[in-house]
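Beneath this line is the structure, given in structure tokens, with notes to follow.
No lab work stands behind these numbers, since they all come straight from the coordinates. These figures come from a predicted structure and were not determined experimentally. So basically every Cβ, Gly included, is an ideal-geometry build from the backbone, and we count neighbours across all protein chains shown.
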Amino acid sequence: MKIKEDMMLRNINGEWMVIPMGERLMEFTGMLRLNESGAFMWNYLQEGTTKENLVEALLLEYEVDEQTATKAVDEFVEMLKTENILEQ
Amino acid sequence: MEQRRIEEIAELQIKNKEWQRFMEHISDNAVKNGTISHLTMELTALCTLQCKMCYVRLDKKQADQIGTMRTAKEWIDMARQFRDAGGLTVLLTGGEAMMRPDFLEIYEAVSKMGLFVTVFTNGTTITDEVIEMFKKRPPVLIGLTLYGASEETYEKVAGVRSFQKALNGLDRLLSLPKINIDVRFTACTLNYKDYKPLQNLMSERGIVLSYDIGNMASVRGATSKARKLRLSKEQEMEIKSHLEKVSAPILDAIHKKDSESAEIISEAEKENVKEDPLETRRLHCRAAAFGVYIAFDGRMYPCDTFSEPYFTEPFKEGFVAAYKRLQGIAKEILVPESCAKCIHIMECGPCAARLIAEKEACKREGVSCGFEERR
């Protein structure tokens, strides 16, 4: 899985925001904001990764159990798919 | 205008309102944190038109005397520094920004940085290359200004018969599938009667004109006749009431579609009204509080309306250092004392920058601002 190239994550005054670029700009229906863990996962997905690797990265970075990390990854990936941000 | 188009414009305006709310959130945060969210880059002070009321345009000789135009590489680097400082929106303007042969190089680089780019134009520079670029990378908004509804009016106002060229430019932009255009009419005594035929032409295209009747006193070495070409209050009202009548069905459609948006529009308008402009002589606005203006020669001002000595030099100091220093300068800016006491302050102000420009023009031209005579 990988983040599409026409989206960029930026920190604007302490808020993580997903900025649409190119033609995606005109599909703006509200700005997508991420929390710290969302931004953390985004950076992995930008390079391209798997759900398993993302769970592993979360377990290393945050003090959470595997079940919580898996749920967080599933929800995040689902949200990105709904927003048409991920390429498989 | 067709009902279907009215509904479309209403939808678009509701969407634009959402966008505006988001941008207000961003600028509020920038003000709160002392950072920045907006940058205007005046890529050139030269223009394809020579409008008699333009407050910023310079001819080549004037521009050369004032300073050197910055290169594409320098502008791109400046935009990058702004982005790295947390900036989000960039306006590319002029003069006529798109008359620069390297405009598209700057535009493409800036729009790839994760910045939202707006472009201002007079419509006479819309080439095949511009259309191709905007297809691939549409700006978040294009502000296109028209100056009349005939070649004769253009000749009177802008010195060149460029009306059809500008209209063709607009039509080419309108042919793009995803484009957000604000078409503006800048009125003065030479062209104001064109508001009706021009709005008729726009209605055929499903557009309601915005209008500008400010006619600012010229700044930063520009030598327009803006002050002599100002409309009377009656002429201003004539334009305003006609365009309000044209836009009334759209406002009704917005109310029907989204009462919340309509309420927010009126709240936003209310917020912009200063109850007492004499309360303080300091800047009331957010110039240098969340955004700045960099002129063609690289000087950074709180907004487009300021001249010397209210500037810093980002190409020498670096963007962030120049911005911080400018914020300090802006805090000390005061409305001229005589303007602060003037009963006509609401006619030319209460913007401190406009009042300072007006005062400077009074000194330069040796005549008063004329607001008293206009009443």
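Of the chymotrypsin sites (Phe, Trp or Tyr not before Pro) found in the range B:1-106, none is in coil by DSSP with at most 15 other Cβ atoms within 10 Å of its Cβ. Where Lys and Arg each count +1 and Asp and Glu each count -1, what net charge lies around B:Ser150 among other residues with Cβ under 14 Å from its Cβ? Result for the local shell: +1.
Label-to-label distance, B:Leu12 versus B:His344, with points set 7 angstrom from Cα along the beta-carbon direction: 3.8 nm.
How would you classify chain B from its alpha-carbon gyration tensor, with a ≥ b ≥ c the square roots of the eigenvalues: rounded for a/c under 1.5, else prolate if a/b is greater than b/c, otherwise oblate? Since a/c stays below 1.5, the shape of chain B is classed as rounded. From the alpha carbon centroid of the range B:164-237 to that of the range B:41-116 is 21 Å.
For each pair in B:Lys135/B:Lys196; B:Lys135/B:Lys256; B:Lys165/B:Lys245; B:Lys193/B:Lys225; B:Lys60/B:Lys135; A:Lys2/A:Lys71, compute the distance between the two Cα atoms and list the pairs where it is over 21 Å. Don't jump to the answer; show the numbers that get you there.
On the way: B:Lys135/B:Lys196 31 Å; B:Lys135/B:Lys256 33 Å; B:Lys165/B:Lys245 28 Å; B:Lys193/B:Lys225 18 Å; B:Lys60/B:Lys135 32 Å; A:Lys2/A:Lys71 19 Å.
Checking Cα-Cα distances, B:Lys135/B:Lys196; B:Lys135/B:Lys256; B:Lys165/B:Lys245; B:Lys60/B:Lys135 exceed 21 Å.
Less than 5 angstrom separates the built amide H of B:Asp182 from those of B:Ile142, B:Gly143, B:Leu144, all sequence-distant by 5 or more or on a different chain. A Gaussian network model of chain B, with springs between Cα atoms under 10 Å, assigns the largest mean-square fluctuation among B:Thr312, B:Thr44, B:Thr127 to B:Thr127.
Can you give the relative contact order of the range B:3-334 as a percent, counting alpha carbon pairs under 8 Å and 6+ residues apart?
Values: 559 pairs, mean separation 73.2, N = 332.
Rounded, it is 22 percent for the range B:3-334.
Taking 7 Å steps out from each Cα toward its Cβ at A:Glu5 and B:Glu204 produces label points 4.2 nm apart. The stretch between B:Glu337 and B:Glu317, if pulled fully straight at 0.36 nm per residue, gains 4.0 nm over its current Cα-Cα span. Across the range A:51-60, coupling constants 3J(HN,Hα) worked out from phi with the 6.51/-1.76/1.60 Karplus curve, θ = phi - 60°, read 4, 4, 5, 5, 4, 4, 5, 5, 5, 6 Hz, and Gly and Pro carry x.
On full extension, the segment bounded by B:His255 and B:Glu129 gains 41.4 nm, given 0.36 nm per residue less the C-alpha separation. Among the GluC sites (Glu not before Pro) found in the range B:309-362, those both in a DSSP coil and sparsely packed, with 15 or fewer other Cβ atoms within 10 Å of their Cβ, are B:Glu332. Is the shape of the protein assembly as shown rounded, prolate or oblate, going by the alpha carbon gyration tensor and its root eigenvalues a ≥ b ≥ c, with a/c under 1.5 for rounded and a/b larger than b/c for prolate? Prolate.
Once backbone amide H atoms are built at 1.01 Å from N, A:Leu32 has A:Val18 as its partners under 5 Å, excluding neighbours fewer than 5 places away on the same chain.
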